[in-house]
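Here's the structure we're looking at; comments come further down.
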Amino acid sequence: MKKVYVVLLAFVLVFFGISDVFAGGGKEADRDSQIQRDRGRDYASIPSANLFAEGGRGSLAITNQASFDVIIFAGRVNQNNVLGGIKAGKTRNFDLSTLSLPARNGSFLIRAASYDTYTRKNLRVTEEDILYAGLVVYDLNDPRDKTHINIFAGISQSNETFIWVSNTSKFVLELRVGTPNGEKLATLAPFQTNKAIALSPQQRNMPYEFYATYLYINPQTNEIVNFAARGMDERQRRSPSGDRVNPMVFAGPADTSQISYLNAFLRIKNDTNWGFNMMDGTTWMFDQKGMPLVESGMLVTYDIPALSGEAGQLYTNLNMEFDNMRTMRINNFRARPGVVYDMTITLRNGNLAYDIRETERKDMLDDLRVSLFFGD
């Protein structure tokens, strides 16, 4: 594994020496540069005019819901893959094809540090300064593939109150707030321990309720499989504190036989000429990569909560709203945990139609180890 990292790092350094996007490798940074590296090393530099560029195009969209500006890194900060900054409340797109990725599809973690900390520490941060991390699953072979990440609004740059988290499992951990399908507060790499997460207290100091879900990315299909430890015993509650307290430890399943599923997986192929959005009643649903719209010809997967036991959870108001304002309802869909349902939507004689069938059950998986690019 160390040899792989060495080769990858060398490849990254060569890339940054020739990239127009991350200019300045091996040179002293321009005087107006806001992101720079030590002189005499292969460091990248982004001119201040481009630091907080908005909009743009690319296969990664990040919305900064926090109350402060952030700087985004691809992978560990010591890899120095600086993507750029995002103002508070803004969304920015990033073109992943400009990165020196070792494969056309795969996964890595993005990390966010506050811009205030970045400048206060002379434009250098460490992993201890990271306030948020999120998982990117990409496929550069599909020009319409996109991941959308929301930086949790409750994270704080004040460094006054924290929670501490340890992921002692061999899986990627997503820590969700409120419910097993709630907002993502944090993502921890396998075996990442004693991670301090700066978090603002809730009103009346009410504790947060945290749920651990674990992820596996199928290297053949790029699909995400999320699961929990059997028994759903990894819910924990904690109030952010300024005192150093013992971390919440999430051990994960001991092996693949201890996996439990909280969701069904609804895989939809849109064979119509229109795009649509999926809704549960009037609530918009987002696919596994955080996107709300299923364009014509796309294949996407939705996680459908299935928390009512093996018999499944009954949905009576799933519906799709199409570009032309037509709506189609899925009648009495029963989502069973760990089951994959394949649905194809077609247009027959001018009428919308769907075919849905159970195709797979993810009771057992042979190996759930994940290799993240740019290091864990």
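Set the bar at 28 Å for Cα to Cα. Now go through Lys87/Lys121; Lys90/Lys362; Lys90/Lys146; Lys195/Lys362 and name every pair that lies beyond it.
Lys90/Lys362; Lys195/Lys362
Testing the spin-label approximation: label points 7 Å from Cα along Cα→Cβ at Thr344 and Asp243. State their distance in nm.
Those two pseudo-labels are separated by 6.2 nm.
List the residues of the stretch 213-248 whose backbone N lies under 19 Å from a point placed 7 Å from the Cα of Arg144 along the Cα-to-Cβ direction.
Zone members listed by number: 221-224.
If you find the alpha carbon centre of the stretch 295-331 and of the stretch 153-181, how far apart are they in angstrom?
Taking the Cα centre of each part, the stretch 295-331 and the stretch 153-181 sit 29 Å apart.
If you stretched the chain out fully between Arg57 and Thr193, how much longer would it get, using 0.36 nm times the residue separation minus the C-alpha to C-alpha distance?
Additional length available on full extension: 45.5 nm.
Please sort 50-57, 172-179 by packing, taking for each peptide the average over its residues of neighbouring beta carbons within 10 angstrom, highest first.
Listed from highest to lowest mean packing, they are 172-179, 50-57.
Just add up the charged neighbours of Arg120: K/R +1, D/E -1, any other residue whose Cβ is under 15 Å from the Cβ of Arg120.
Net of charged neighbours comes to -2.
Enumerate the calculated ³J(HN,Hα) couplings along the stretch 202-210 in order (Karplus 6.51 cos²θ - 1.76 cosθ + 1.60, θ = phi - 60°), each rounded to whole Hz, writing x wherever the residue is Gly or Pro.
Result, rounded to whole Hz: 7, 4, 6, 6, 5, x, 6, 10, 10.
Here, each number is a calculation from the coordinates, and none is a lab measurement. Because the structure is a prediction, the values reported are computed rather than measured. Every residue, glycine as well, gets a Cβ built from its backbone with ideal geometry; the counts of neighbours run over all protein chains shown.
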